[in-house]
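Taking it in order: structure first as structure tokens, then the write-up.
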Amino acid sequence: MNTAYTVGYSEGRKDPLWSAYHLNLKNGTHQGTRPKVKFATDDRTVAKVTDKDYSTRSGEFDRGHMTPDHAILKFYGVDAAIETFTMSNVCPRVPA
């Protein structure tokens with residue numbers, strides 16, 4: 001279970017279908033910089049999508065957070081922001 005968000009993950013599509021999180025303005029006081037972590041395989045999934053499945057050098061697609069790490073960082077802190085760097089929270093997107 002994630003601290004600050006939840007994802008509806010599709011094993012068949014190997015992709016999140018939706019994400020949900022709550023940002024309470026009273027809690028938006030966490031300080032910190034964006035974590036420098038790599039995207040990790042989410043062992044809770046059957047698909048076990050890896051970072052290599054989304055080649056950032058392909059030019060076709062890159063990775064996009066469903067739940068944005070910067071918002072979770074501000075409202076929940078660094079540890080919760082790190083949790084957003086799982087492949088179950090990532091969708092392919094066009095770089096432009």
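The values are calculated or read from the model by the stated rules, or taken from the named source; none is laboratory data. Just so it is clear, the model here is predicted, and its values are computed rather than measured. Reconstructed Cβ throughout: ideal geometry from the backbone, glycine too, with neighbour counts over all protein chains shown. Only protein heavy atoms, including side chains, enter the accessible area calculation; ligands, DNA and RNA are left aside. Shrake-Rupley method; radii C 1.70, N 1.55, O 1.52, S 1.80 Å.
Some points to look at:
- Put simply, the amide H of Ser19, placed in the peptide plane, has neighbours under 5 Å in Gly8, leaving out anything fewer than 5 places away on its chain.
- Calculated accessible area for the chain comes out at 66 Å² per residue, all protein chains present (probe 1.4 Å; ligands, DNA, RNA ignored).
- Residue order for Val7, Val94, Val46 - accessible surface, 1.4 angstrom probe, largest first: Val46, Val94, Val7
- For the chain, carbon and sulfur atoms together expose 52% of the accessible surface, with a 1.4 angstrom probe and every protein chain in place.
- Shape category assigned to the range 34-96 from the gyration tensor of Cα positions, a/c cut at 1.5: oblate
- Summing charges over neighbours of Ala4, with a neighbour being any other residue whose Cβ is under 11 Å away from its Cβ, gives -2 when K and R count +1 and D and E count -1.
- Total lysine pairs whose alpha carbons fall under 24 Å of each other in the chain (8 or more apart, or interchain): 10
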